[in-house]
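Asks: This structure is in structure tokens; I'll ask about it shortly.
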Amino acid sequence: MKFLITGANGFIGKALCAALIQRGQSVRAAVRGATSLVEGAELVIVGKIDGETDWTNALRGVGAVIHLAARVHVMKESAADPLAEYLKVNLDGTKNLAVQAACAGVKRFVYVSSVKVNGEQTHGQQSYTEQDTPTPQDSYGITKYQAENALHHVAQETGLEMVIVRPPLVYGPGVKGNFISLLSAINRGIPLPLAGANNARSLIYVGNLVDALIVCATHPNATGQTYLVSDGEPISTALLVKEIADALGRKNHMFYFPPGLLRLIAAMLGRADKIDRLFGSLHVNDNKIRQELSWSPPYTLTQGLRETVNWYCKSITGR
């Protein structure tokens, strides 16, 4: 079976293409520009992704689509109407691809959504499940949820086999954003006021996520289902810092600072969202995919962190 991977030159896309090729699968990598390269995959350039994108060449002979491409969090937003830009890619672009996939005879469509469809934070012993009422808070989460609903409608109208996967924070070789910033701070020995961050956050190593996506693209029981995925038990930010420091071979320079006071200072500086991510909980229950598809993550969190740290060290030393 031939797989079409959108967003193939991204952090997750590269790992997914590599895993599929390693397993002997035929991969067509959809990218937006001619400068992109995905080793071992057939490359197809689709340009910008919206409701008008022509996917004819990309979909020819494809049996399964795994749709990763999306407008994600924009740190320095320049669009006059950010929600409209999210809608163009995440809703209109996704629906357009699914309709064309069905018309092209594609059997299965795996949509990589986000745990942000469930919400931004869990409390106490709470953990998100697939049965929870979605409560997306930002433009990204809202448009991901709207895309999920649109895909269910396409599936009902066309018979396209639809599977939705909602990952939490993904880490691994190639990771960017806040995770790489944390790695850098720990590696440089910067004291971090996180010893009081006894929260519970679910993470997923990129190797575990791509394994779950391949299972969702091929397992007969996955059709029509939505799945939350994770490495397993959640981890506190304080323990995450310790694990990273251990993997780096660095001394742990965490110290205690009252979380309430830290939140107050962050709010005054307009950075309350960063503190919420560091001290807040976001715990997912992934029992459904484990039970229905007999899936379990091939890597432990410790193994995933060590792979990420090894990549990071090579990236900063050039060796």
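The values are calculated or read from the model by the stated rules, or taken from the named source; none is laboratory data. Quick caveat: nothing in here was measured; it's all calculated off a predicted structure. Please note: Cβ atoms are built from the backbone with ideal geometry, for glycine as well, and neighbour counts cover all protein chains shown.
Asks: Are there any pairs with C-beta distances below 9 angstrom linking a residue in the stretch 209-230 that is under 17 Å from TYR299 (Cβ atoms) and in contact (Cβ under 8 Å) with a residue 24 or more places away in the chain to a residue that is of a type in the set (D, E, K, R) and surrounded by fewer than 17 Cβ atoms within 10 Å (Cβ to Cβ), with the two at least 6 apart or on different chains, and if so which?
Replies: ILE214/ARG23
Asks: Restricting the search to the stretch 9-40, which residues are touching a strand residue (DSSP E or B) at 6+ places or on another chain (Cβ under 8 Å) and β-branched (Val, Ile, Thr)?
Replies: ILE12, ILE21, VAL27, VAL31, VAL38 - these are the residues of the stretch 9-40 that are touching a strand residue (DSSP E or B) at 6+ places or on another chain (Cβ under 8 Å) and β-branched (Val, Ile, Thr).
Asks: Can you pull out the residues in the stretch 121-159 that are assigned to a helix (DSSP H, G or I), closer than 25 Å to HIS283 by Cβ and among the acidic types (Asp, Glu)?
Replies: GLU148
Asks: Which count do you get for residues in the stretch 246-264 that are closer than 17 Å to GLY196 by Cβ and either surrounded by 14 or more Cβ atoms within 10 Å (Cβ to Cβ) or within 23 Å of the chain's Cα centre (by Cα) (or both)?
Replies: The number of residues fulfilling the criteria is 7.
Asks: Continuing with this model, one more query. Could you check the stretch 3-42 and list, in sequence order, the residues that are part of a strand (DSSP E or B) and buried (at least 17 other Cβ atoms within 10 Å of the Cβ)?
Replies: PHE3, LEU4, ILE5, THR6, VAL27, ARG28, ALA29, ALA30, VAL31
Asks: Can you go through LEU228, LEU239, LEU209, LEU248 and tell me which one is touching a strand residue (DSSP E or B) at 6+ places or on another chain (Cβ under 6 Å), aliphatic (A, V, I, L, M) and within 20 Å of THR308 (Cα to Cα)?
Replies: LEU209
Asks: Taking the stretch 273-319 only, how many residues are charged (D, E, K, R), modelled with pLDDT under 95 and not in a loop (DSSP other than H, G, I, E, B)?
Replies: Number of matching residues: 5.
Asks: If you don't mind, another one. I'm trying to understand the selection: among the residues of the stretch 179-228, which are aromatic (Phe, Trp, Tyr) and within 30 Å of PHE255 (Cα to Cα)?
Replies: The answer is PHE179, TYR205.
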